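Here the structure is laid out as structure tokens; the discussion comes afterwards.
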Amino acid sequence: MVSRPTRHDPATPAPEALRSEVLQTIAELLADEDRPAEVHEDDVLADLALDSIALMFVLTHFERRYDVAFDNDTLRPDRYVTVGDLATLVCEQVGARG
């Protein structure tokens, strides 16, 4: 089950750890939907059947965990092709907060 943080984490993780957390969050989301999958950065989001609602869930998870906000343009699912694209966005946003 995907953890749902109730407060933000004050520490900014290293980019590699954050990228790994994105992959893990997506894997947990898929498992919650009875679609277990090993997730890799080069996986295409559409191939994983991650729609805009799933994308919002993932980004909201990181907004809450790291006290960041993604702007509306960021929330367009057509901006991301792979899991790595999404991980890059999260790393940039979380890294910019500190």
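The values are calculated or read from the model by the stated rules, or taken from the named source; none is laboratory data. Quantities reported herein were computed from a predicted structural model and do not represent experimental measurements. Because the Cβ atoms are built from the backbone with ideal geometry, glycine has one as well, and the counts that use them run over all protein chains shown.
Some points to look at:
- The residue that is modelled with the highest pLDDT, among those in the stretch 54-98 that are β-branched (Val, Ile, Thr) and more than 18 Å from Leu23 (Cβ to Cβ), is Val68.
- Scanning the stretch 77-98 for residues that are touching a residue at least 24 places away in the same chain (Cβ under 8 Å), more than 15 Å from Pro15 (Cα to Cα) and not hydrophobic (A, V, I, L, M, F, W, C) yields a count of 3.
- Qualifying residues in the stretch 69-98 (those that are buried (at least 19 other Cβ atoms within 10 Å of the Cβ) and among the aliphatic types (A, V, I, L, M)) - the one nearest to Arg35 (Cα to Cα): Val83
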